[in-house]
1. Of F89, M53, V108, which is farthest towards the positive pole of the chain's charge dipole, taken about the Cα centre with +1 and -1 on the beta-carbons of Lys, Arg and Asp, Glu respectively?
2. Determine the dipole magnitude for the chain: charges of +1 sit on the beta-carbon of Lys and Arg, -1 on that of Asp and Glu, nothing else is charged, the reference point is the Cα centre, and the result goes in debye to the nearest 20.
3. Which of K75, K2, K66 comes first, and how do the rest follow, when ranked by fewest Cβ neighbours within 10 Å?
4. Considering only L21, L82, L98, give the residue with the highest GNM mean-square fluctuation for the chain, with springs between Cα atoms whenever their separation is below 10 Å.
5. Tell me, Kirkwood radius of the stretch 1-46 from alpha-carbon pair distances, in Å?
6. Please report the relative contact order for the chain, taking Cα pairs under 8 Å with a sequence separation of at least 6, and give it as a percent rounded to a whole number.
7. Filter the chymotrypsin sites (Phe, Trp or Tyr not before Pro) in the stretch 1-107 to those in DSSP coil with at most 14 other Cβ atoms within 10 Å of their Cβ, and list the result.
8. Please compute one quarter of the surface area of the Cα convex hull for the chain and express it in square nanometres.
Amino acid sequence: MKTVRRILGAQMAVTVGAVLLVLAMGGESRAAWSALIGGAIGFSTAYVYARRMFATRGEEPGELVKAQYRAEFYKLAFTIVLFATTFTFYRDIAALPLFLTYAATLMVYWAALLFA
């Protein structure tokens, strides 16, 4: 669970860094909010995945694989719902900061693998 907290913390830090970068580059508040939303989608779906995965009590490989698929399904479904909600209710979204920050939060997994 310690590794999960580190990954979530790193994703939050990447999100804050992206928002500050957008603001430092003279970006408008719309772009900063979009970056924040993109990062929030990234780390909140990672949290959903972790909660579902660690809810499994089984030790057998088959049960762990099922839990992996189930957790990934919930993460994907939650990601779709969050993006759909964002595009439905926040019409003034700046797509580039949204998707770049979301992608940056996903790259935290790759960095975690390199330093694990």
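1. The residue sitting most towards the positive pole is M53.
2. Numbers: 11 positive and 6 negative charges, 48 e Å.
Value, rounded to 20: 240 debye.
3. Numbers: K75 20, K2 6, K66 13.
By the 10 Å Cβ count, ascending, the order reads K2, K66, K75.
4. Comparing L21, L82, L98 in the GNM, the peak value goes to L21.
5. Numbers: mean 1/r = 0.0925 Å⁻¹.
For the stretch 1-46, the Kirkwood estimate is 10.8 Å.
6. On the way: 116 pairs, mean separation 45.9, N = 116.
Once divided by the residue count of the chain, the mean separation gives 40 percent.
7. Numbers: sites: W33, F43, Y47, Y49, F54, Y69, F73, Y74, F78, F83, F87, F89, Y90, F99, Y102; in loops: Y90.
Hits after loop and neighbour filter: Y90.
8. Numbers: hull surface 30.7 nm².
Averaged projected area of the chain's Cα convex hull equals 7.7 nm².
Taken together, the values in this text are just the output of simple stated rules run on the coordinates, not laboratory data. Predicted model only: the values in this text are computed from it and were never measured. Don't worry about glycine lacking a Cβ; one is built from the backbone with ideal geometry, like all the others, and counts go over all protein chains shown.
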